[in-house]
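> Provided herewith is a single structure, encoded as structure tokens, for subsequent inquiry.
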Amino acid sequence: MQHAEVRREIFERREARLAGPLADKAMRCLEGIIEDETAPAAARVKAATFVLESAGHGLQAKLGYTRLGIEADKREPSQMSLAELEAMVARTQERLRNITPEGEEGADSAPILESAAMGA
């Protein structure tokens, strides 16, 4: 029991640091790389890709939305009516029910691409 409490405390402290000052430093670092015209193009692209993926705007996010059948609605959920939100949830739940793990019969045929930004 005590080990679980220690692990939880370590996890919470690490998360607090990562969500605060270290996250700000990391984003400033990535921003610096992206804006540094003397940096290698590959480094700039990798930094930009990581920022986009982290924000949910990268290729992986778009593929995930497509695979789940989620339309790109530019409105925030707070701008949608209850009926629109319920319809979106119902469509997503139906799509999730139809997805089977890869390799099993009837598996969703949408390709899964590994993100170059994640080092795959």
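No value in this document is a laboratory result; all are computed from the given coordinates. Everything numeric here is computed off the predicted structure, so don't read it as measured data. In this analysis, Cβ positions are derived from the backbone assuming ideal geometry, glycine residues included, and neighbour counts consider all displayed protein chains.
> Can you give the extra length, in nm with one decimal, that the chain gains between Ile10 and Glu94 once fully stretched, where that is 0.36 nm per residue apart less the Cα-Cα distance?
Fully extending the segment from Ile10 to Glu94 adds 26.4 nm.
> Quickly work out the Ser54-to-Gln79 label distance, labels modelled 7 Å from Cα along the C-beta direction, and quote it in nm with one decimal.
2.6
> Given labels modelled 7 Å from the Cα in the Cβ direction, how far is it in nm from Glu86 to Thr38?
Going from the Glu86 label point to the Thr38 one covers 6.1 nm.
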